[in-house]
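To start, the structure under review is shown below, and the notes come after it.
The values are calculated or read from the model by the stated rules, or taken from the named source; none is laboratory data. Being a predicted model, the structure only gives us computed values, none of them experimental. In this analysis, Cβ positions are derived from the backbone assuming ideal geometry, glycine residues included, and neighbour counts consider all displayed protein chains.
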């Protein structure tokens, strides 16, 4: 159980889940209103909560800060920003992502693929993301949705092979994440989303 939790947090930290920022069209797939909250469940019944907690600058980018909370304790923070061409992860814990990793291409187009080659602190992250479906059906604890499915089939994280699938839903954000790290598979599934104000 602890190994699964570490894997989930590791995946959320290294890969993963309107504000005052001017956001381009399409970002309803990754809503970032202040105090928005996502509650995800793990296969073993544990929960992971992600909350928008504020803003922070990374280099020249105005980012939105999300805390990852497990068992009532903040285990990690991530910083994201949105540009006309996509949603980017800029920082994980205390580690800057250089260059920032695009987790979703905008505007959404089925078949769109993009390569990543970044460092998260001292760890290299290389591979390719692809929008494999723009009308994927997905069922999670929070309901049935039509989603944009983004897959990263062969990501190299500091020499460890990882694969990832994320389902983005308009007005909800990431509703499901499945991943495999060194052959160990797990998933995060949305149980509840509360939009911030």
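A few comments on the model shown:
- Any chance residue 162 is in contact with a helix residue (DSSP H, G or I) (Cβ under 9 Å, 6 or more places away or on another chain) and part of a strand (DSSP E or B): yes
- For residue 69, the conditions (1) surrounded by 14 or more Cβ atoms within 10 Å (Cβ to Cβ); (2) over 23 Å from residue 52 (Cα atoms); (3) touching a strand residue (DSSP E or B) at 6+ places or on another chain (Cβ under 6 Å) are fulfilled apart from (2).
- Residue identified as within 22 Å of residue 159 (Cα to Cα), buried (at least 16 other Cβ atoms within 10 Å of the Cβ) and in contact with a strand residue (DSSP E or B) (Cβ under 6 Å, 6 or more places away or on another chain) among 77, 118: 118
- Across region 147-184, the number of residues qualifying as within 20 Å of residue 113 (Cα to Cα) and surrounded by fewer than 16 Cβ atoms within 10 Å (Cβ to Cβ) comes to 4.
- In region 25-54, the residues that are at positive phi and surrounded by 15 or more Cβ atoms within 10 Å (Cβ to Cβ) never reach a residue that is modelled with pLDDT under 90 and in a loop (DSSP other than H, G, I, E, B) with C-beta atoms less than 7 angstrom apart, at least six apart or across chains.
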